[in-house]
Amino acid sequence: MNWDVVIGLEIHTQLATKSKIFSGSSTQYGASPNSQASLVDLGYPGVLPVLNRDAVCMAIKFGLATGCQISPRSIFARKNYFYPDLPKGYQISQYELPIVYDGCLEIVLEDGELRTIGITRAHLEEDAGKSLHDDFRDHSGIDLNRAGTPLLEIVSEPDLRSATEAGIYMRAIHTLVCYLGISDGNMQEGSFRCDANVSIRSRGEKKLGTRTELKNLNSFRFVEKAIQVEIERQINVVEDGAEVVQETRLYDAGSNTTRTMRIKEEANDYRYFPDPDLLPVIIEDKLIEKLRSELPELPDAKRNRFISNYALSETVAEELTSTREIGDYFEEAVKSQPSVPPKQIAKLIQRELTEALKKNSLNIKKSKVPPEIIAVLASKIQDNSISSSAASAVFEELWRTDSSIGVSNVIEKLGLEQISNEGVINTMVDDIIAQNPEQAEQCRKGKDKVIGFLVGQVMKISRGKANPQQVIQTLKNKLRGE
Amino acid sequence: MSLNREDVEKLCLLARLKITPEEMTDVASKLSDIVTLVNQLRTADTTEVVPMAHPLDIAQRLREDKVTESDRHEHYQQNASMVERDLYLVPKVIE
C-alpha cells in the first residue's frame with residue numbers, strides 16, 4: 001500500500017533579548033546555576049510579571065517577514081502543569097489571540113520545486129528551567145536560569161510531506177530568525193528546538209490519520225532521522241493491522257528509534273485561562289509600520305539580488321546568503337575592490353574562507369582574514385600577479401599570521417609572484433617539450449588530454465608560479481602553431 | 001451534576017493532591033456543587049459577548065529590555081529545603 005505522510009512542526013526559538021520576557025534577569029547563556037533567576041522567575045508569591053517590549057517587537061518582526069496577521073490585541077494565558085523546573089506551576093504562554101497568525105514561508109525542495117508552508121501562528125511564551133538528573137543520587141538538580149527566557153513558538157500547518165521537507169523548512173525558519181536578528185539560533189545551547197507532529201494516511205485520503213508528537217528534537221539531522229523512523233514505525237503498525245495510538249514519543253538517537261513518553265490519557269489537561277497578572281497587549285499600527293521599516297533584507301530577496309547584481313550562479317548565491325554575516329562579508333569585499341569581478345571574490349570565500357572557518361569552528365565574524373584583505377587577494381589573481389593555487393597558499397599564510405601585514409608582502413615572502421614573463425615561460429616550455437618527446441608528439445597529433453600533462457610539468461618546475469593560461473597558449477603555439 | 005469517586009481521583013492526580021478516604025465524600029460533594037454552579041453559568045447566552053481577558057480596560061505596559069536584577073541566589077535559596085552546587089534539589093523526576 002502507498003502512504004502519504006503529513007507533518008507539522010512546532011519550533012521553539014529563544015528570542016535574543018538581553019533580559020527575560022517578564023523580569024529584569026539576564027538571559028546570558030552559561031552562567032552559574034540560579035545566578036540569573038529573580039523572584040519573578042522563581043515564582044515567589046506577590047510578584048508581578050512585566051512584559052519585555054523587545055520580545056513583542058521581535059515576534060512582530062517574525063510575523064511581518066512571514067506575511068502573518070499581527071493581532072491588534074493579544075493576550076497571555078496560563079498553561080498549567082506540574083514539573084519542578086516550572087516553579088509557578090504554570091507557564092505563561094498564549095492560547096487564544098496569539099501575537100501573530102496566519103502566514104506562510106516558501107521553501108525550495110531538493111529538486112528546485114517551490115513549496116509554500118503555512119504558518120498557523122507564532123506566540124510568545126516563557127521557557128522553563130533545566131533539570132539535571134545525574135549526580136544527585138535519588139534527587140534532581142534544578143537550575144532556573146533559563147526559566148523566563150522569551151520563546152517564540154512557531155506552529156506550522158500540516159503541510160510538510162516528508163522528513164526531508166521538514167528538515168528544509170526547519171532550516172529555512174532558522175535562517176530567517178537569524179537574518180531578522182531575533183534569535184542567535186544556537187542549537188547547541190538550545191536556542192532553537194522543535195517538536196514534530198507526524199501521521200500517515202493512505203494515498204489520496206483526505207482525512208488526517210492519528211498523529212504522534214515527537215518531542216525536543218534539537219538538531220536538523222535529528223529532526224529528519226526521528227521523523228523518518230517514526231514514519232516507518234507507523235507504516236509497520238498499520239500494515240500489521242493495528243492502529244497508531246495518539247501519544248507523545250521521544251527520539252533516542254543512540255538506537256535511532258522512538259519510544260512512548262506518555263499516551264493521550266496521561267496527557268496533561270493544561271487548563272488554559274487568561275493570566276490575570278497580565279493585561280491585554282495592544283499593538284498599534286504605528287509600531288508595526290516602524291518595525292516593518294526596520295526589517296533587513298530577507299534571504300530570498302538577497303539571493304535574487306546577488307544573482308542579478310553580481311552575476312553569481314544560483315548555487316553560489318545560495319551559499320553566500322546562507323547567513324546574513326557571510327552575505328555582508330562578501331559585499332564588503334566587493335565594495336572594497338570594485339574593479340575585481342565579484343565571482344572571483346566569491347570563489348575565494350567559498351574555497352578558502354569557508355574551509356578555514358569550518359576547520360577552526362569559527363563564525364565568519366571571527367574570521368582572521370577580513371573582507372578587504374580577501375578582496376585584495378582576489379585582485380592579485382585577477383591581474384595575474386599570482387595563480388589561484390598560489391592564492392591558496394597566500395590565504396593560509398594570511399590566516400595563520402597577522403593578515404594586516406598585507407597581501408603583497410605575503411606573496412613576496414612566500415616567493416609566489418606569478419611568472420608571466422614571456423621569455424621565462426618560453427624557456428620552461430622548451431625544456432618540458434625536450435624532456436617529454438613522446439607526449440609532445442601525441443599533442444602535435446591533436447591529443448588534447450596530453451596538453452594537461454605538459455602544463456602540469458611546466459607548473460611543477462615553476463613551483464606553481466607560472467601563469468597557467470600563458471603556459472597553455474605557449475604550448476599550443478609551439479606544438480600546433482595555434 | 002455529581003462527581004463520582006473515579007472523577008475525583010483523576011482530578012487529584014492532575015492537581016497533584018492527596019486526599020484521605022474519609023475526605024472523599026465531602027470533596028466529591030463540594031466539587032459537584034461547583035460543577036453545578038458552572039453548568040448554571042453555561043446556560044447564559046454568550047454568543048454575542050467577546051470573552052473578557054481582564055476586568056481592567058487598559059493595555060499592558062511594556063518594559064524596556066534591560067537587565068535590572070543581580071545575582072541573589074544565596075539569599076533566595078535560604079528557604080529551599082535542599083541545595084547542592086547552587087542547584088535546588090527535588091525528588092528525582094524523569095519522564
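Yes or no: B:Leu37 part of a helix (DSSP H, G or I), away from chain A (no Cβ under 14 Å), within 21 Å of the chain's Cα centre (by Cα) and of a type in the set (A, V, I, L, M, F, W, C)? Walk me through how you get there before you give the answer.
Working: part of a helix (DSSP H, G or I): yes; away from chain A (no Cβ under 14 Å): yes; within 21 Å of the chain's Cα centre (by Cα): yes; of a type in the set (A, V, I, L, M, F, W, C): yes.
Yes: the conditions hold for B:Leu37.
Determine which member of the set A:Leu152, A:Leu176 is closer than 25 Å to A:Tyr251 by Cα and either under 22 Å from the mean Cα position of the chain (by Cα) or part of a loop (DSSP other than H, G, I, E, B) (or both).
Numbers: A:Leu176 fails: closer than 25 Å to A:Tyr251 by Cα.
One residue alone meets the criteria, A:Leu152.
Would you be able to tell me the number of residues in region A:52-78 that are closer than 16 Å to A:Thr149 by Cβ and over 29 Å from the mean Cα position of the chain (by Cα)?
Selection size over region A:52-78: 1.
Looking at B:Val27 and the list (1) out of contact with any helix residue (DSSP H, G or I) (no Cβ under 7 Å at 6 or more places or on another chain); (2) touching a residue at least 12 places away in the same chain (Cβ under 8 Å), which single condition is not satisfied?
Unmet for B:Val27, out of (1) out of contact with any helix residue (DSSP H, G or I) (no Cβ under 7 Å at 6 or more places or on another chain); (2) touching a residue at least 12 places away in the same chain (Cβ under 8 Å): (1).
Can you name the residue in region A:142-157 that is more than 19 Å from A:Val56 (Cα to Cα) and surrounded by 24 or more Cβ atoms within 10 Å (Cβ to Cβ) and, of all such residues, is nearest to the other protein chains (Cβ to nearest Cβ)?
My answer is A:Ile142.
Given the residues A:Met1, A:Met58, which is the only one that is more than 8 Å from chain B (Cβ to nearest Cβ) and under 29 Å from A:Ile282 (Cα atoms)? Steps first, answer last, please.
On the way: A:Met1 fails: under 29 Å from A:Ile282 (Cα atoms).
On inspection, the qualifying residue turns out to be A:Met58.
Given the conditions (1) part of a helix (DSSP H, G or I); (2) touching a helix residue (DSSP H, G or I) at 6+ places or on another chain (Cβ under 6 Å), report the number of the one that B:Asp65 does not fulfil.
The one condition B:Asp65 does not meet is (1).
Inspect all residues belonging to region A:119-133 and state whether any of them is within 14 Å of chain B (Cβ to nearest Cβ), among the aliphatic types (A, V, I, L, M) and in a strand (DSSP E or B).
Within region A:119-133, one or more residues are within 14 Å of chain B (Cβ to nearest Cβ), among the aliphatic types (A, V, I, L, M) and in a strand (DSSP E or B).
Which numbered condition in (1) exposed (fewer than 12 other Cβ atoms within 10 Å of the Cβ); (2) at pLDDT 90 or above is the only one that A:Arg233 fails?
Going through the list (1) exposed (fewer than 12 other Cβ atoms within 10 Å of the Cβ); (2) at pLDDT 90 or above, A:Arg233 breaks only (1).
Could you check region A:98-117 and list, in sequence order, the residues that are within 14 Å of chain B (Cβ to nearest Cβ) and either surrounded by fewer than 20 Cβ atoms within 10 Å (Cβ to Cβ) or in contact (Cβ under 8 Å) with a residue 40 or more places away in the chain (or both)?
Passing the criteria: only A:Ile99.
Count, please, the residues in region A:301-317 that happen to be surrounded by 15 or more Cβ atoms within 10 Å (Cβ to Cβ) and closer than 21 Å to A:Phe62 by Cα.
2
What residue, among those in region A:61-92 that are in a strand (DSSP E or B) and within 14 Å of chain B (Cβ to nearest Cβ), is surrounded by the fewest Cβ atoms within 10 Å (Cβ to Cβ)?
Only one residue fits best here, namely A:Arg73.
Between a residue in region A:10-39 that is facing chain B (nearest Cβ under 8 Å) and on the phi > 0 side of the Ramachandran plot and any residue that is crowded, with 24+ Cβ neighbours inside 10 Å and of a type in the set (Ser, Thr, Tyr), which pairs come within a Cβ distance under 8 Å, given they are 6 or more apart or on different chains?
What qualifies is A:Asn34/B:Tyr88.
Taking the condition more than 8 Å from every other protein chain (Cβ to nearest Cβ), within 25 Å of A:Leu42 (Cα to Cα) and part of a loop (DSSP other than H, G, I, E, B), does B:Leu3 pass?
On the way: more than 8 Å from every other protein chain (Cβ to nearest Cβ): yes; within 25 Å of A:Leu42 (Cα to Cα): no; part of a loop (DSSP other than H, G, I, E, B): yes.
So B:Leu3 fails the test.
Count, please, the residues in region A:189-214 that happen to be within 32 Å of the chain's Cα centre (by Cα) and either at pLDDT below 90 or not in a loop (DSSP other than H, G, I, E, B) (or both). Give the derivation first.
Taking region A:189-214 as the starting set, the residues that turn out to be within 32 Å of the chain's Cα centre (by Cα) are A:189-201, A:208-214.
Pick out the ones that are also either at pLDDT below 90 or not in a loop (DSSP other than H, G, I, E, B) (or both) and you get A:192-201, A:212-214.
Looking only at that region, the number is 13.
Testing B:Asp65 on (1) under 27 Å from A:Asp134 (Cα atoms); (2) at the interface with another protein chain (Cβ under 7 Å from one of its Cβ atoms), one condition comes back false. Which one is that?
(1)
So which of A:Ile461, A:Ile419 ends up being in contact with a strand residue (DSSP E or B) (Cβ under 7 Å, 6 or more places away or on another chain) and either of a type in the set (A, V, I, L, M, F, W, C) or within 30 Å of A:Glu372 (Cα to Cα) (or both)?
The match here is A:Ile419.
For every residue, the table says whether it meets (1) in contact with a strand residue (DSSP E or B) (Cβ under 8 Å, 6 or more places away or on another chain); (2) exposed (fewer than 11 other Cβ atoms within 10 Å of the Cβ); (3) more than 7 Å from chain A (Cβ to nearest Cβ).
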| residue | (1), (2), (3) |
| --- | --- |
| B:Leu13 | no, no, yes |
| B:Ala53 | yes, no, no |
| B:Gln60 | yes, no, no |
| B:Arg72 | no, no, yes |
| B:Asn79 | no, yes, yes |
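Which residues, counting only those in region A:28-39, are assigned to a loop (DSSP other than H, G, I, E, B), surrounded by fewer than 24 Cβ atoms within 10 Å (Cβ to Cβ) and either touching a helix residue (DSSP H, G or I) at 6+ places or on another chain (Cβ under 8 Å) or of a type in the set (S, T, N, Q) (or both)? Give the derivation first.
Of all residues in region A:28-39, those assigned to a loop (DSSP other than H, G, I, E, B) come to A:28-38.
Checking which are surrounded by fewer than 24 Cβ atoms within 10 Å (Cβ to Cβ) leaves us with A:28-33, A:35.
The answer is A:Gln28, A:Ser32, A:Pro33, A:Ser35.
Give A:Thr212, A:Thr260 a once-over and let me know the one that is over 30 Å from B:Arg61 (Cβ atoms), surrounded by 18 or more Cβ atoms within 10 Å (Cβ to Cβ), touching a strand residue (DSSP E or B) at 6+ places or on another chain (Cβ under 9 Å) and not hydrophobic (A, V, I, L, M, F, W, C).
A:Thr212
Suppose the filter is more than 14 Å from chain B (Cβ to nearest Cβ), crowded, with 16+ Cβ neighbours inside 10 Å and more than 17 Å from A:Ala163 (Cα to Cα); does A:Val238 pass it? Break it down into steps so the answer makes sense when it comes.
Values: more than 14 Å from chain B (Cβ to nearest Cβ): yes; crowded, with 16+ Cβ neighbours inside 10 Å: yes; more than 17 Å from A:Ala163 (Cα to Cα): yes.
Spelling it out, A:Val238 is indeed more than 14 Å from chain B (Cβ to nearest Cβ), crowded, with 16+ Cβ neighbours inside 10 Å and more than 17 Å from A:Ala163 (Cα to Cα).
The values are calculated or read from the model by the stated rules, or taken from the named source; none is laboratory data. Model, not experiment: these values are computed from the prediction. Counting neighbours? That spans all protein chains shown, and the Cβs are built from the backbone with ideal geometry, glycine included.
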